[in-house]
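Structure first, commentary second.
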Amino acid sequence: MSDYILEIKDLHASVNDVPILKGVNLSIKPGEIHAIMGPNGSGKSTLSKVIAGHPAYSLLNGDILFYGRSILKMEPDERARAGIFLAFQYPVEIPGVSNADFLRIALNARRKFRELPELSPLEFFQLITEKINLVGMKESFLSRNVNEGFSGGEKKRNEILQMALLESNLSILDETDSGLDIDALKIIAQGINTLATSTNSIVLITHYQRLLDYIIPNFVHIMSDGKIVKTGNVNLAQDLEKHGYDWIKST
Ligand SMILES: Nc1ncnc2c1ncn2[C@@H]1O[C@H](COP(=O)(O)OP(=O)(O)OP(=O)(O)O)[C@@H](O)[C@H]1O
């Protein structure tokens with residue numbers, strides 16, 4: 001078994017024949033939290049979607065290893081069941097599907113993969129009641145359709161609720177902090193800290209140093225034009241906040 005949960009090696013990817021990722025290298029060990037920052041359009045969301053297996057992206061070169069094994073041939077649902085979770089920058093609404101059913105079916109698919117017994121609706125209800133407190137959500141959100149009519153911040157909370165339920169090994173949170181009010185940011189950050197264990201890893205994609213006051217990452221990476229151009233600790237985010245991205249170019 002590899003020492004790493006995730007290893008990305010010289011990853012090049014394109015969308016609609018436009019090259020976006022131009023040689024990304026990243027290694028993540030269990031127990032680590034990594035933050036990825038970078039200017040708009042630098043490829044952060046693309047990286048997260050390529051890891052999750054989004055079919056719109058073509059892989060041109062490189063590899064993605066999950067516990068030492070290439071996942072390139074795995075479908076997105078296989079990757080999710082195996083323990084890769086992506087909280088979307090723009091969570092989708094699914095009219096006609098109740099949030100509770102969606103979450104229970106997703107959880108049971110993951111439990112089946114882990115060779116755990118599926119939860120009955122009653123057992124699921126007991127578990128979800130505990131988990132919604134973690135993200136400060138009201139129970140009424142469970143009977144509504146997935147994200148339908150949810151505010152921006154409520155959609156983000158719902159993503160973290162999924163993360164809490166699925167107990168994924170690798171959780172990639174794409175701008176989960178954007179759209180959250182100050183109180184919600186603290187609640188969500190606290191929830192994420194509770195979910196971080198010595199055996200899983202979290203990748204936070206963010207524009208705001210503020211999030212990293214609440215969730216202290218082990219590493220901060222800066223992406224620019226499809227590559228990770230600088231890696232440091234949490235001080236790197238503070239320097240960036242002070243000096244802006246032009247500072248990176250001059251260092
Ligand atoms: N379908 C597409 N066709 C052409 N270009 C695309 C397509 N999808 C994404 N791109 C481009 O890929 C680049 C990287 O986008 P991506 O969303 O990964 O950036 P990002 O770093 O997450 O940006 P932000 O911080 O604004 O969310 C952008 O220039 C974007 O316009």
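A few points about this structure:
- Across every pair of non-identical alpha carbons in the range 9-82, the mean reciprocal distance, once inverted, gives a Kirkwood radius of 13.0 Å.
- The label-point distance for Thr197 and Ser98, in a model that sets each label 7 Å from Cα toward Cβ, rounds to 2.9 nm.
- Segment Asn133-Asn16, extension gain: residue separation times 0.36 nm, minus the distance between their alpha carbons: 38.0 nm
- Mean projected area (nm²) of the alpha-carbon convex hull when the range 6-250 is viewed from all directions: 13.1 nm²
- Gain on full stretching of the segment that runs from Lys242 to Arg114 - 0.36 nm per residue minus C-alpha separation: 41.6 nm
- Between helix 234-243 and the chain: long-axis angle, C-alpha atoms, 0 to 90°, nearest 10: 60 degrees
- Once the gyration tensor of the Cα atoms in the range 23-130 is diagonalised, the equivalent ellipsoid follows with semi-axes of 29, 17, 14 Å, ordered largest first.
- Exposed-site-free run, longest, the chain (rule: GluC sites (Glu not before Pro); DSSP loop; at most 15 other C-beta within 10 Å): 149-251
- When the Cα positions of Gln126, Ile36, Ile228 are compared along the charge dipole of the chain, Ile228 comes out farthest toward the positive end, with charges on each C-beta of Lys, Arg, Asp and Glu.
- Dipole check for the chain: with +1 at the C-beta of Lys and Arg, -1 at the C-beta of Asp and Glu, and the Cα centre as origin, the magnitude is about 260 Debye.
Read-outs throughout are calculated quantities, based only on the coordinates presented, and are distinct from any laboratory measurement. Please read these numbers as outputs of a predicted model, since none were measured by experiment. As a convention, Cβ positions derive from the backbone with ideal geometry for all residues, glycine included, and neighbour counts pool all protein chains shown.
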